[in-house]
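Okay, so here's the structure we're looking at.
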Amino acid sequence: MMLSYHPLTVPSCHTFHFLPSSSDPPYDIIRSHTSLSLLLNCKTLKSLRKIHAQMIKTGLHNTNYALSKLIELCVLSPHFEGLTYAISVFETIQEPNQLIWNTMLRGHALSSDPVSSLKLYVSMISLGLLPNSYTFPFLLKSCAKSNTLREGQQIHGHVLKFGYGLDLYVHTSLISMYAQNGRLEDAQQVFDRSSHRDVVSYTALITGYASRGYTQSAQKMFDEIPDKDVVSWNAMISGYVETGYYKEAFELFEDMMKSNVSPDESTMVTVLSACAQSGSIELGRQVHSWIDDHGFGSNLKIVNALIDLYSKCGEVATACGLFEGMSYKDVVSWNTLIGGYTHMSLYKEALLLFQEMLRSNESPNDVTMLSILPACAHLGAIDIGRWIHVYIAKKLKGVTNASSLRTSLIDMYAKCGDIEAAHQVFNSMLHRSLSSWNAMIFGFAMHGRANAAFDLFSRMRKNGIEPDGITFVGLLSACSHSGMLDLGRRIFRSMTQDYNITPKLEHYGCMIDLLGHSGLFNEAKEMINTMPMEPDGVIWCSLLKACKTHGNLELAESFAQNLMKVEPENPGSYVLLSNIYATAGEWNKVAKIRALLNNKGMRKVPGGSSIEINSEVHEFIIGDKVHPRNREIYGMLEEMEVLLEKAGFVPDTSEVLQEIEEEWKEGALRHHSEKLAIAFGLISTKPGTKLTIVKNLRICRNCHEATKLISKIYRREIIARDRARFHHFRDGVCSCNDCW
DNA sequence: GTAGGGTTAG
């Protein structure tokens, strides 16, 4: 029975007055003893220490059983850093028995540093102690977990040397160790040589095959199992899910339902995650009603999987409802919904939920951070991003995802405009993955620092890191943001010739953007004709923009037609074309396009900008009047206009249709969302404070010119991120050198 | 005499 009261509220006299007697085996008494139940429910190191102290007082600590149980519970407890405590207990024991040694080995194998169990084993052997059949599964587990094949092979040698080669548990552990190290032939060999096998050893091998994509071999082994149990079914189903064979997974699930084995929690979680990953919402709903009918409806892990299903399939409200209806939530529940929001681009909702999580008693973990950092990056919420950085440094030291967390931080800082902070994180890293290098290269590219991006690339090569396709997207976009055509051409060639990487759509996109920007339309068209895939909207759009820059009306029309073919529902293409006509003074055509837009009932995505002040993200759309400090903001806008005019600023009205419709005549330019955000930034920060604005569309030329002057007039550094890149405005100039 | 192997958020 689970104890519902807190361990510390139980009087100690009641807890510890049994002492083992010789006639009664102590473990029977102790097992039924409250103190062990207390240990099992022990949630803090402090209460564990108290219980331990009681054990010492009552002499219970002298029994090997109690000690080994104490250590085991320390080591298995998810609630605190039990291993450290277990080690301290272990060190007080004069002559630990084999059980205690094994329990310590198990603890180390389960820890975040499984290799330490091998070290402990070495010290055990050097004391002249012998392993038994229980020793090896722990050691092999740590070799499997840490992918240390060589050590695993040595342990295999010891297994044979000490004569445990026939133990089924040891055997299965060996299979699992080889399988997880990717040595499927060795795993199969161990399996074939075993004199007896059971469903568990089959399953170990199946998992190995399936996780490496050898689903056929896995299925063959699975068919051979005479007495399939629920775990073996689950392993096979999840093998298909993991490798993306959703249809096969669903079919197998159906077979399982027809068999005499009933699915369990794990089956449902696996099948639901298959539905989520493959977007099979209808099937997911069927599974959901099955779950409700079979009494799984309040199972924590299953509800978490359902939340994942609904949020991944776009039914956020259903996901949210399930989340709110949970009587007990764990960290996975929070992470799943936060991740669901991020997945659906609901970044603000993700941040709000994260803040709610902090207010509740749930501590975020590395997974939380990995889904919340992209939300900060999108919103430009750098204050929260910095807070998370501190939290990671303090609380999540040495977590397994350290490298991806840092990479995520680099991305966040870069996208929030603080490229220096991004660089600092990068430099502080001891082990950089390819994606860390890529994130930093992308960061520099976004900020128009092409040279830094290329320096980093050569440093990366010197470190012996092989670039991938993504690296080259970074490098090519660095070229395109800085208008470096020749370098771009060289990189594009080198990518195929020297690195054997086949260019994808994104690579062609960067090159076509570069060519278009340089006015080399023929060459751009040639590239489109020779590339092996169809160009997407992004490519036509970049060419259309190039036409605007170079005033090429004729080509613009044909590009626009292509754009409308690829993205007929995207009003942006129509607006772009109408802007080009407006620039050329072709007002009839402008009117035609406007009529077309109205007929189709399309509205342009409103331009929105956000600015973070005191950890709060404020969003503005064009002509926005809903902000609580609306009057002050518009007052500031008027002041800005007066000062701009004084400084000689003449608005370029040719782009007046950028934000088409309602307010296009009056104030369409004056009240662009970035101006509102800047005005709000100016009134709510101290003089001299840097302002960072995030915009969902591209910044228009008019605002770009105005912002340059504003940075000078108000002596403010203004950093603006638009859809494509960063602009650093300072003292009347922009880092992009007007090349965008 | 107690313990050990295979499946389950990203």
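A short reminder: the numbers here are calculations on the coordinates, not readings from a lab. Keep in mind it's a predicted model, so treat the numbers as computed, not measured. Note that we place each Cβ from the backbone using ideal geometry, even for glycine, and neighbour counts take in every protein chain shown.
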Q: Starting from the Cα of residue A:259, step 7 Å along the direction of its Cβ; do the same at residue A:299; then give the gap between the two resulting points in nm.
A: 1.6
Q) How large is the convex hull of the Cα atoms of the range A:608-734 per residue, expressed in Å³ as a whole number? A) 99
Q. Which of the peptides A:550-561, A:690-701 is most tightly packed, and how do the rest follow, going by the mean number of other Cβ atoms within 10 Å of each residue?
A. A:690-701, A:550-561
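If each residue of separation counts as 0.36 nm, what is the full-extension length gain between residue A:198 and residue A:631 once their alpha-carbon separation is subtracted? If you can, show how the numbers build up before the last one.
On the way: separation 433, 0.36 × 433 = 155.88 nm, distance 7.60 nm.
This chain segment gains 148.3 nm when fully extended.
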Q. Along the charge dipole of chain A, Cβ charges K/R +1 and D/E -1, which of A:240, A:611, A:327 sits furthest on the positive end?
A. A:611
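Based on the mean of other Cβ atoms within 10 Å per residue, sort peptides A:670-683, A:318-331 so the most packed one is first.
A:670-683, A:318-331
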Q | Helix-derived mean residue ellipticity, 222 nm - over chain A, DSSP H n ≥ 4, -39500 (n - 2.57), to 500 | A | -20000 deg cm²/dmol
(Q) Nearest 10 degrees is fine. How inclined is helix A:184-193 to the longest principal axis of chain A, computing both from alpha carbons? (A) 20
Q. Taking the mean number of other Cβ atoms within 10 Å as a proxy for protection, how do you rank A:490-502, A:187-199 from highest to lowest?
A. A:187-199, A:490-502
Q. Given R₀ = 51 Å, FRET efficiency for residue A:327-residue A:502 by Cβ-Cβ distance, to 0.05?
A. 0.45
Q | Between 0 and 90°, nearest 10: helix A:281-293 axis offset from chain A longest Cα axis | A | 40
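Roughly speaking, what is the stretch gain from residue A:430 to residue A:383, that is 0.36 nm per residue apart minus the C-alpha to C-alpha distance, in nm to one decimal?
Working: separation 47, 0.36 × 47 = 16.92 nm, distance 2.53 nm.
That pair, residue A:430 and residue A:383, stretches by 14.4 nm at full extension.
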Q | Shape category assigned to the range A:504-604 from the gyration tensor of Cα positions, a/c cut at 1.5 | A | oblate
Q) Setting aside same-chain residues fewer than 8 positions from residue A:600, which lysines have a Cα under 18 Å from its Cα? A) A:565, A:589, A:592
Q: Compute the acute angle (0 to 90°) between the alpha-carbon long axis of helix A:135-145 and the principal axis of greatest extent of the alpha-carbon atoms of chain A; round to the nearest 10°.
A: 10
Q: Compute the length gained on full extension between residue A:715 and residue A:566: take 0.36 nm times their separation in residues and subtract their Cα-Cα distance, giving the result in nm to one decimal.
A: 49.2 nm
Q.
Rounded to the nearest 20 debye, what is the charge dipole size of chain A about its Cα centre when +1 sits on each Lys and Arg Cβ and -1 on each Asp and Glu Cβ?
A. 1860
Q.
Which one, A:162, A:104, A:208, is farthest towards the positive end of the dipole of chain A when Lys and Arg carry +1 and Asp and Glu -1 on their Cβ?
A. A:104
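I'd like to know how the range A:114-223 sits against the 2.2 N^0.38 Å rule of thumb: what's its Cα Rg over that expected value? The partial results should precede the final answer.
On the way: Rg = 13.8 Å, N = 110, 2.2 N^0.38 = 13.1 Å.
Rg over 2.2 N^0.38 Å, computed on Cα atoms: 1.05.
Please identify every one of the trypsin sites (Lys or Arg not before Pro) in the range A:346-431 that sits in a loop by DSSP and has no more than 13 other beta carbons within 10 Å of its own beta carbon.
Numbers: sites: A:348, A:359, A:386, A:394, A:395, A:397, A:406, A:415; in loops: A:397.
The qualifying sites are A:397.
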Q. Under a 5 Å amide H to amide H cut-off, with H placed in plane at 1.01 Å, what residues pair with residue A:693 once short-range neighbours are removed?
A. A:719, A:720, A:721
(Q) Can you give me the C-alpha center-to-center distance between the range A:620-639 and the range A:304-334, rounded to a whole angstrom? (A) 37
Q) What's the percent breakdown of Cα-Cα distances in chain A across 10 Å bins, shortest bin first? A) 2, 11, 16, 22, 19, 13, 9, 6, 2, 0, 0
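Which entries in A:220/A:247; A:50/A:141; A:525/A:548; A:119/A:228; A:312/A:545; A:625/A:646 show an alpha-carbon gap greater than 28 Å? Please list the in-between numbers first.
Working: A:220/A:247 18 Å; A:50/A:141 32 Å; A:525/A:548 16 Å; A:119/A:228 37 Å; A:312/A:545 34 Å; A:625/A:646 26 Å.
A:50/A:141; A:119/A:228; A:312/A:545, as the Cα separations exceed 28 Å there.
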Q. Which one of A:637, A:682, A:729 has its Cα pushed farthest toward the positive end of the charge dipole of the range A:608-734, where Lys and Arg give +1 and Asp and Glu give -1 at the Cβ?
A. A:729
